[in-house]
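For reference, the structure discussed in these notes is given below.
The values are calculated or read from the model by the stated rules, or taken from the named source; none is laboratory data. Just so we're clear, the structure is a prediction, and the values are computed from it rather than from any experiment. Reconstructed Cβ throughout: ideal geometry from the backbone, glycine too, with neighbour counts over all protein chains shown.
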Amino acid sequence: MGLLEVIKTKTHEEASLKLLSILSKEFHVNNNYSLGLSGGSTPKFLYKELAKKYGSLSNITLWTIDERHIETNNELSNQKMINSIFSNTNFKILSLEFFEDPKITAENYTNLVFSNIKKFNSAVLGVGDDGHIASLFPNTKALKCKVKSFIENEVNTLTKWRVTSTFALLKSIENIYILATGENKKNILREMNNNSELPINKLIELREKTIILTDQTI
């Protein structure tokens with residue numbers, strides 16, 4: 001298994017600000033910096049602080065790690081959340097566009113991201129209560145994809161389909177930071193030690209190093 005570094009904090013806000021501090025040091029040593037963003041409520045505080053403190057920078061490109069297969073104006077859309085927070089910054093946002101066929105959505109986003117990003121610097125991920133990472137859910141077909149790309153994945157959780165980064169793409173990112181805070185993450189963080197088949201453990205195993213920031217005990 002790859003190296004797992006745990007950064008323990010007292011609160012969600014402290015974990016978020018610690019991660020922002022780490023990222024800010026990377027922004028200033030890269031002329032072109034790519035940052036993958038996940039959805040959900042956990043990273044919102046981090047994203048708002050990032051936009052407020054560093055939104056004037058023009059060397060940052062944002063891309064979306066995974067998305068529910070829904071229109072961007074839907075309240076459940078990760079892309080809508082990302083766009084709303086960063087629309088007034090100088091960041092370049094690679095927005096995932098919805099098509100009726102999830103396969104086309106995935107293919108088009110693969111082309112957009114790879115035509116704009118040559119090096120994947122960092123990504124912020126969460127972890128689900130079932131151990132899923134991005135939209136790589138347990139027992140779904142996308143777990144077996146070995147192509148460095150985005151792929152459609154049938155998950156039947158809130159939406160039938162999702163578009164997600166593959167393990168091969170996540171493996172290629174230089175730095176992955178998992179933000180896992182709150183009491184609701186306690187059980188899955190403990191289960192990580194007992195169930196090697198969880199998608200989050202597969203990602204850690206594939207990578208040289210993964211960093212988790214949490215206010216819980218692992």
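Which one of these is among the hydrophobic types (A, V, I, L, M, F, W, C), out of contact with any Leu (no Cβ under 8 Å at 6 or more places or on another chain), at pLDDT 95 or above and buried (at least 23 other Cβ atoms within 10 Å of the Cβ): Leu198, Leu213, Leu169, Leu179?
That would be Leu169, the only listed residue that is among the hydrophobic types (A, V, I, L, M, F, W, C), out of contact with any Leu (no Cβ under 8 Å at 6 or more places or on another chain), at pLDDT 95 or above and buried (at least 23 other Cβ atoms within 10 Å of the Cβ).
Identify the single condition in (1) free of Cβ contacts under 8 Å to residues at least 40 places away in the same chain; (2) hydroxyl-bearing (Ser, Thr, Tyr); (3) within 24 Å of Leu189 (Cβ to Cβ) that Ser56 does not satisfy, given that it satisfies every other one.
That leaves (3) as the condition not met.
Go through segment 141-172 and give me each residue that's farther than 12 Å from Asp66 by Cα, touching a Lys or Arg at 6+ places or on another chain (Cβ under 9 Å) and part of a loop (DSSP other than H, G, I, E, B).
Matches in segment 141-172: Lys148, Leu158.
Which of the residues that make up segment 80-110 are farther than 27 Å from Ser24 by Cα and touching a residue at least 60 places away in the same chain (Cβ under 8 Å)?
Within segment 80-110, just Pro102 meets the criteria.
Select from segment 150-166 the residues that are in contact (Cβ under 8 Å) with a residue 24 or more places away in the chain and surrounded by fewer than 18 Cβ atoms within 10 Å (Cβ to Cβ) and write down the one among them that is farthest from Pro102 (Cα to Cα).
Among those residues, the one meeting the criterion is Leu158.
Since Gly40 meets every condition but one in (1) within 19 Å of Thr181 (Cα to Cα); (2) at pLDDT 95 or above, which condition does it not meet?
So the condition that Gly40 fails would be (2).
Looking at Ile211, Ile176, which one is free of Cβ contacts under 8 Å to residues at least 60 places away in the same chain, in a strand (DSSP E or B) and of a type in the set (A, V, I, L, M)?
Going through Ile211, Ile176 in turn, just one is free of Cβ contacts under 8 Å to residues at least 60 places away in the same chain, in a strand (DSSP E or B) and of a type in the set (A, V, I, L, M): Ile176.
Which one is nearest to Asn83 (Cα to Cα) among residues in segment 96-125 that are of a type in the set (Val, Ile, Thr) and in a helix (DSSP H, G or I)?
Among those residues, the one meeting the criterion is Val113.
Can you find a residue in segment 72-79 that is of a type in the set (Asp, Glu) and touching a residue at least 24 places away in the same chain (Cβ under 8 Å)?
no
With the structure loaded, tell me whether Thr181 is of a type in the set (Ser, Thr, Tyr) and in contact with a Phe, Trp or Tyr (Cβ under 7 Å, 6 or more places away or on another chain) or whether it fails that test.
Here the answer is no, as Thr181 does not meet what is asked.
What is the one condition in (1) within 30 Å of Leu198 (Cα to Cα); (2) touching a strand residue (DSSP E or B) at 6+ places or on another chain (Cβ under 8 Å) that Phe114 does not satisfy?
(2)
Yes/no per residue for (1) of a type outside the set (S, T, N, Q); (2) surrounded by 14 or more Cβ atoms within 10 Å (Cβ to Cβ); (3) in contact with a strand residue (DSSP E or B) (Cβ under 8 Å, 6 or more places away or on another chain); (4) within 24 Å of Gln216 (Cα to Cα):
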position: Glu14; (1), (2), (3), (4): yes, yes, no, yes
position: Leu23; (1), (2), (3), (4): yes, yes, yes, yes
position: Gly55; (1), (2), (3), (4): yes, yes, no, no
position: Thr72; (1), (2), (3), (4): no, yes, no, no
position: Tyr109; (1), (2), (3), (4): yes, yes, yes, no
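Cβ-Cβ under 6 Å, sequence separation 6+ or interchain: first residue in segment 179-201 and under 17 Å from Thr217 (Cα atoms), partner surrounded by fewer than 14 Cβ atoms within 10 Å (Cβ to Cβ). Which pairs?
Cβ pairs passing all conditions: Ile188/Asp129.
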